[in-house]
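Every number here is computed from the coordinates shown, using simple stated rules; none is lab data. The structure displayed is predicted, hence computed values, not measured ones. When we count neighbours, we look across all protein chains shown, and the Cβ atoms used for this are built from the backbone with ideal geometry, even at glycine.
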Amino acid sequence: MSIEENKAVVNKIYDLCNQGNIEAAYEHYAPECICHMPDGDMSVAQVRDFDAVLFNAFPDITLTILDIISEGDKVAFRVNIKGTNTRELMGNPPTGKKLDMINSNWARVLDGKLVEFWVTMDRLSMIQQLGGIPGQ
């Protein structure tokens, strides 16, 4: 696939998520896809569970790709995540606070499917914005 086709796969996943069609987004993940998260690797099923928690806690969530570049089978992109915490998040009651954070991600795409995904997220900023730790 071309680098433009690889970028299109990533864009499609985020477009589907923003349309609320998260299950359709997973059709663009290879069954053996591994997501490398800051605290360990996750299977597609584990990512699906993680996303369910996030999308439930922030029902108005939007994911905006700010930058996207590609070379070979790799796609690098920054994503702005915005939403309001109106439901429980990992056992914590809703705060009603707004979240606005940026993740830096890498994906490896083969034959039109994500086969590997690296996520760097600013969890400290997330916790501060939701009131878990006083800001600076």
Please report the spacing between the Cα centers of the range 98-136 and the range 9-37 in Å, no decimals. 15 Å
Using 15 Å as the cut-off for backbone N distance, which residues of the range 50-72 belong to the label zone defined by a point 7 Å from the Cα of Met90 along Cα→Cβ? 50-58
Among the lysines, which have Cα under 21 Å from the Cα of Lys74 when same-chain residues fewer than 8 positions away are ignored? Lys7, Lys12, Lys113
Dipole moment magnitude, nearest 20 debye, the range 28-129 about Cα centre, only Lys, Arg, Asp, Glu C-beta charged: 360 debye
Cβ neighbours within 10 Å, averaged per peptide: list 3-14, 89-100, 49-60 in order, most packed at the top. 3-14, 49-60, 89-100
Among Val75, Val109, Val119, which one moves the most in a GNM of the chain with springs linking Cα atoms closer than 10 Å? Val119
Translational diffusion of the chain, µm² s⁻¹ [Kirkwood Rh, Cα pairs; Stokes-Einstein; 25 °C; 0.890 mPa s]: 159 µm²/s
Measure nothing but the geometry: give the 0 to 90° angle between the long axis through the Cα atoms of 3-18 and the longest principal axis through the Cα atoms of the chain, rounded to 10°. 30 degrees
Non-local residues with an amide H under 5 Å from the amide H of Glu116, with H modelled 1.01 Å from N and Pro and chain starts lacking one, are Ile34, Arg108
Would you pull out the residues with amide H under 5 Å of Thr84's amide H, same chain only if 5 or more places away, H placed 1.01 Å from N? Asp60, Ile61, Leu99
In whole Hz, what ³J(HN,Hα) sequence does the range 53-69 give by Karplus (6.51, -1.76, 1.60; θ = phi - 60°), x for Gly and Pro? 5, 5, 5, 6, 5, 10, x, 9, 4, 10, 10, 10, 6, 8, 9, 8, 9
Going Cα to Cα from Lys97, which aspartates and glutamates come in below 17 Å? Please leave out same-chain ones fewer than 8 positions away. Asp60, Glu88, Asp122
Relative contact order for the range 3-129 using alpha-carbon pairs under 8 Å, separation at least 6, rounded to a whole percent? 26 percent
